[in-house]
Every structure is written in C-alpha cells, then in structure tokens.
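The values are calculated or read from the model by the stated rules, or taken from the named source; none is laboratory data. Because the structure is a prediction, the values reported are computed rather than measured. Backbone-built Cβ (ideal geometry, glycine too); neighbour counts: all protein chains shown. We work out accessible area using only protein heavy atoms, side chains counted, and drop any ligands, DNA or RNA first. Shrake-Rupley method; radii C 1.70, N 1.55, O 1.52, S 1.80 Å.
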Amino acid sequence: MIVSPYSVISEKLLPDHVCQDIIDVAFQQKEQDATVQAGPTDGIRDSRVVWLRDTWIYDWVAPAMSQLNSQLEWNFNLTEPEPIQFTIYKKGHFYGWHQDTFEPELNKSMSHQRKISAVIPLVDSDSYEGGDLQFYNSAIHPNKKQEDKIEFFEQSRIKGSMIVFPSYVYHQVTPILSGQRLSIVIWYQGEKWQ
C-alpha cells in the first residue's frame with residue numbers, strides 16, 4: 001500500500017477476471033460523451049462514459065473503502081456510493097485539473113456531498129501511453145515551482161489497484177498518446193461538511 005498526504009493506493013484490489021467482467025458488462029451498455037457538472041467540456045474533458053449500478057462491483061470495493069477511511073483516520077461520515085462511472089479514454093482523450101466535488105450553487109440544494117473518490121484501472125498499463133492520474137499536492141510550500149507540486153505514482157497504473165483520495169483533492173488524467181485506458185470511478189457521499 002502506498003500512502004501520500006492525500007491519497008492511498010491499494011494494489012491489486014480487483015483480480016484480473018473481475019476487471020474483465022466489469023469491462024464486459026460496461027460494453028453491453030450505451031456509451032455517452034463525458035460531461036462536467038459546471039457546463040461545457042471544451043478544454044476540460046474529453047472521454048466516453050458508461051454508468052453502472054451493479055451491486056457486485058460495490059461488494060468488491062466497499063469493504064476496502066471503509067477500511068481505508070478508518071485506517072487513514074479520515075473518518076469521513078459516509079452514507080452511500082453514487083453510480084459507478086466506467087470511463088473510456090482513447091487517443092487524445094484527457095480530463096484536466098478538477099475536483100470531484102459539486103459546484104457551490106448546486107451544493108446548496110443537496111443534503112449530501114462527495115467525500116471520497118476511488119479510481120480503479122481495468123487494463124494493463126502497457127496497453128496505453130499517457131493517461132497518467134496525477135495529483136496536485138497543495139501541501140507543498142507555495143514558493144515551489146508549479147511542476148514540483150504535481151505528483152504521480154507508477155502504482156496508480158496497476159490493473160485492479162484502487163486509488164483513493166478525498167474528493168476535494170485536485171487531480172487530472174493526462175492525454176492518451178496511444179491505446180485505450182479503461183477505468184471505473186466510484187464516489188462515496190456523506191452528510192455535508194460541518
């Protein structure tokens with residue numbers, strides 16, 4: 001397990017056959033263009049998604065999510081997961097710097113908000129180039145150069161590994177140079193921050 005100030009990587013949480021089962025189920029569904037909650041995706045995001053609600057997938061992820069929430073002493077009050085986003089990144093696809101939280105205007109009417117995000121790569125990292133999941137480490141001194149605040153962990157490319165982080169942490173997926181990156185994202189909600 002790799003732990004940084006804001007994220008943790010649980011290596012090989014999902015066995016290869018489970019990753020393949022998720023891919024098979026997802027490709028039986030209708031793909032759609034990915035969107036962003038704030039409006040147009042131009043310059044922010046370019047990918048395709050499928051929404052999944054299969055309980056057996058949650059059954060694989062939920063125990064590890066609960067354990068990490070406690071083990072890392074985040075102790076976020078979690079209530080329920082959102083639908084699972086199966087994401088397809090092909091050549092040229094990307095998702096720029098963003099948080100997984102909702103915009104304040106929309107958040108006022110919601111009783112819950114995203115607390116923890118989990119990303120699980122479903123394919124071998126040698127099947128695509130680019131597509132790195134990077135984090136912006138705001139804990140690094142402000143006088144440091146911008147590029148020194150960007151962190152990437154090679155282990156985040158390992159098929160079946162779960163990368164967990166608070167939903168308010170800025171992160172991005174760099175452009176795909178070749179191949180296809182397939183992953184799922186699960187957001188766990190909780191009562192609004194107090």
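Would you check if there is a residue in the range 5-24 being surrounded by fewer than 17 Cβ atoms within 10 Å (Cβ to Cβ), modelled with pLDDT of 90 or more and not in a helix (DSSP H, G or I)?
Yes, the range 5-24 contains a residue that is surrounded by fewer than 17 Cβ atoms within 10 Å (Cβ to Cβ), modelled with pLDDT of 90 or more and not in a helix (DSSP H, G or I).
Among the residues of the range 182-194, count how many are over 23 Å from VAL25 (Cα atoms) and open to solvent by less than 50 Å² (accessible area, probe 1.4 Å). Can you show your working first?
In the first step, residues of the range 182-194 are kept if they are over 23 Å from VAL25 (Cα atoms); the result is 189-194.
Next, from what is left, pick out any that are open to solvent by less than 50 Å² (accessible area, probe 1.4 Å): 189-190.
Qualifying residue count for the region: 2.
Check whether at least one residue in the range 39-49 is of a type outside the set (D, E, K, R), assigned to a strand (DSSP E or B) and more than 18 Å from ILE163 (Cα to Cα), and report yes or no. Step through it out loud before you land on a result.
Our first condition is that a residue be of a type outside the set (D, E, K, R); within the range 39-49, this holds for 39-41, 43-44, 47, 49.
Now narrow it down to the ones that are assigned to a strand (DSSP E or B): 39, 49.
In the following step, the residues that additionally are more than 18 Å from ILE163 (Cα to Cα) were identified as 39, 49.
Yes, there is a match, as at least one residue in the range 39-49 is of a type outside the set (D, E, K, R), assigned to a strand (DSSP E or B) and more than 18 Å from ILE163 (Cα to Cα).
Listed residues GLY179, GLY160; which is within 21 Å of PHE94 (Cα to Cα), at pLDDT 95 or above and open to solvent by less than 10 Å² (accessible area, probe 1.4 Å)? Walk me through it before giving the result.
Details: GLY179 fails: open to solvent by less than 10 Å² (accessible area, probe 1.4 Å).
Being within 21 Å of PHE94 (Cα to Cα), at pLDDT 95 or above and open to solvent by less than 10 Å² (accessible area, probe 1.4 Å) holds for just one of GLY179, GLY160, which is GLY160.
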